[in-house]
Amino acid sequence: MELLSNLAIGFDIALSPFTLMLAVFGCFIGTIIGALPGLGPSNGVAILIPLTFSMGLDATSALVLMTAVYYGAMYGGRISSILLNIPGDEPALMTTLDGYPMAKAGRAGDALVISGVASFVGAFLATIGLMLLAPMLAQVAFLFGPAEYFALYLLAFATLGGLASNNQAKAAIASCIGLGIAMIGVDNNSGMPRLTGGNLHLFDGIDFLVAIVGLFAIAEVFFFIESHGKNTSIGVKLEKVTVPVKEIVGSSVTMLRSSVVGFIAGVLPGAGASLGSFLSYMSEKSIAGEKGGFGTGVAKGVAAPEAGNNAAAGGALVPMLTLGVPGSGTTAVLLALLMTLNITPGPTLFTERPEVVWGLIASLLIANFVLLLMNVPMVKIFVKILSVPAWVLLPGVTMVSFVGIYSLSGSYFDLLLMVLFGVLGWVLRKLDVPTVPIILGILLGGHMEDALRRAMVLSDGDWTYLFSSGIAIGLWAVAVVGFVAPMFLRRFLTKPQRITD
Amino acid sequence: MASDRIFGAVVTLIALAYIASATQIQTSFMADPVGPKTFPILIGAVAAICGIVIILKPDEDPAWPELRTLGALAVAVVVLVAYAYALKPLGFLIPTAVTAAILSYQIHPNTKQAALAGIGLSLGLFIIFKFALGLSLFGLPSFLTH
């Protein structure tokens, strides 16, 4: 019954008129961000963080606003996937496989409604799962010492590099770039500056928000300049929207199964939403078999990845809140938000600041219903947003990024760094080097080193201490398997390619 | 092939330089067993090994843009750097309009549309930031307002 009383605290906060307004507003903005081609959940949330920060909201309100944006962007992402064949981010790729063929066959409205309901089912079940699992995991997390945390961080980098990228070496380099950047600045233990090259601007270290906005948003602008906004114009018209009750009922089992698969994938640190939508699509495809017609535009092919994707988005919040290890690119951005707000995620968050956790969970439940209402009857409004041309949108994104970062510190140096990260992001993505591990490295680098050093202080420099407990050994084993296994499995687990017209 | 080989070589060199500068980190008297050097050196070593792996096992070359597009990208970078320097002394409105217009032109080369996008974004965003979000922005160059 502790759960119910906790939820009561949460709803008490979430149902206050101001918080409720923030949640609805966040859902609306989030859906727009998700629907805009070229703005996914990660970069959309990233450019809004500095602005939220400078608006001076308190921690709970800011968190409610941004997670509503996050959930909203996950919903909205399906709109551009289905109508334009442009996935807003990696996990949305799977939705294009059946969503776009369905839209081309004149059933865009059906695809949007089915995926909207599937998103709701996935996100709703994941929020319930989060409610049940997170407090339990928080209890386990109390057993974690520095050795376990070090292994856990390693696990996050290993699975992120192993499962979510095409080349292990490149993913490892990306992690090292992030960790290396995190080392810059004054060392907390000795108080000595490290790797600053004598530059005074670097003594405070490099702000992770600068790196995130540069790598995600500014790099995207360069990609649009490269393609001259060409892949934005082709699209499918949306005629009328009706609710295909039969198909929704018919794919309800698919939605439930995919939600479970997605949630589990989301809970794995480092794996995240891409794996969730991928696994749920592939497992439903093999359950349906040849006759299922996956890839030709069937309802289940839209329902499975959307339920999986949204369930993974909720599941990714579990390790993020309890252990401080994000499960995906967007949750890494949310972790950045928590750090900006001076909230340290971890098991103590549940005991020391229950109002933050449970307020957040209650807002997620509310946001979910708001999003279902917004995304099924009102979907036509958001479809209009797709017609914003790239030559207005991308300069706008750039300006918002600049003002956001500028409002953090008021220094031109951060802006220059942001442009530099944008260039770096463009070059790296060209070379098929994933950028999410860089973000994770910058966010977790300090904690990871800290864990290592505290472990060594405890053991007086004995390196075997890192493998001294069952949990630590287990985490190391999973980390090694997660990094090495995909090298051999890659032949069998090739990702479906984007369909082209 | 060539792109990845160059990338691997660059990564290895930077990693070695990183290790070299990490060895120069000063330790203080309150040293713990690991000290401030070990972890950066570890990161550098992993990166260097991965760089060498990529030199030995490169992926296929990506499709690099043609020279003209690279030029457009270079222009965009120069404009953004100039914008970073101009934002404080020249205020929000004028640099934003110019930068947004140039970026818009690089994405879709149409002078009239680009000019409209620049002016529209500059004014629209200024109103949102200044009055809806209450950020402290200065619209005009500082030498005009003082």
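Residues whose amide H comes within less than 5 Å of that of A:R194, counting only those at least five positions distant or on another chain, are A:G185, A:V186, A:D187 (H built at 1.01 Å from N in the peptide plane). Placing unit charges on the Cβ atoms only, positive for Lys and Arg and negative for Asp and Glu, gives the range A:217-360 a dipole magnitude near 380 debye about its Cα centre. Full extension of the segment from A:D12 to A:T296, taken as 0.36 nm per residue of separation minus the current Cα-Cα distance, would add 97.6 nm.
Peptides A:426-437, A:313-324, ordered by how many other C-beta atoms sit within 10 Å of their residues on average, highest first, read A:313-324, A:426-437. With θ taken as phi - 60° and the Karplus curve 6.51 cos²θ - 1.76 cosθ + 1.60 applied, the whole-hertz 3J(HN,Hα) list for the range A:291-296 is 6, x, x, 4, x, 9 Hz, x standing for glycine and proline.
Cα centroid separation, the range A:283-358 to the range A:203-224: 23 Å.
Ranked by the mean number of other Cβ atoms within 10 Å of their residues, highest first, the peptides A:92-100, A:334-342, A:388-396 come out as A:92-100, A:388-396, A:334-342. Principal-axis analysis of the Cα atoms of chain B puts helix B:93-107 at an angle of about 70° to the longest axis.
For the range A:297-340, the residues whose amide N sits under 20 Å from a probe point set 7 Å from the Cα of A:L3 along the beta carbon direction are A:311-323. Among residues other than A:V213 with Cβ under 15 Å from its Cβ, the summed charge is -3 (Lys and Arg +1, Asp and Glu -1).
In degrees, nearest 10, range 0 to 90: what is the angle between the Cα axis of helix A:108-141 and the longest Cα principal axis of chain A? On a 0 to 90 degree scale, this one is about 30.
Counting only residues at least eight positions apart within a chain, or on another chain, the lysines with an alpha carbon under 29 Å from that of B:K37 are A:K170. Shape class of the protein assembly as shown from the Cα gyration tensor (axes a ≥ b ≥ c, square roots of the eigenvalues): rounded, since a/c falls below 1.5. Label separation (B:A82 vs A:V253): 6.4 nm, computed from points 7 Å beyond Cα along the C-beta direction. Rounded, prolate or oblate: which fits the range B:67-132 when a ≥ b ≥ c are the square roots of the eigenvalues of the alpha-carbon gyration tensor, with rounded for a/c under 1.5 and prolate only if a/b beats b/c? Since a/c reaches 1.5 but b/c is at least a/b, the shape of the range B:67-132 is classed as oblate. Modelled this way, with points 7 Å down the Cα-to-C-beta line, the labels at B:L144 and A:D462 are 7.1 nm from one another. Simple spin-label model, 7 Å along Cα-to-Cβ: B:T23 to A:L416 in nm? Modelled inter-label distance: 3.0 nm.
Here's the list of lysines a cross-link from A:K384 could span, going by alpha-carbon distance under 17 Å and ignoring same-chain residues fewer than 8 apart: A:K237, A:K240.
Between the Cα long axis of helix A:17-35 and the first principal axis of chain A there is an angle of about 70°, rounded to the nearest 10. Put in order of Cβ neighbour count within 10 Å, fewest first, the listed residues A:F421, B:F143, A:F53, A:F208 become B:F143, A:F53, A:F421, A:F208.
Computed from the coordinates by the stated procedures, all read-outs in this text should not be read as laboratory data. No experiment lies behind these values; they were computed from the predicted model shown. Quick reminder, even Gly has a Cβ in these numbers, built from the backbone with ideal geometry, and neighbours come from all protein chains shown.
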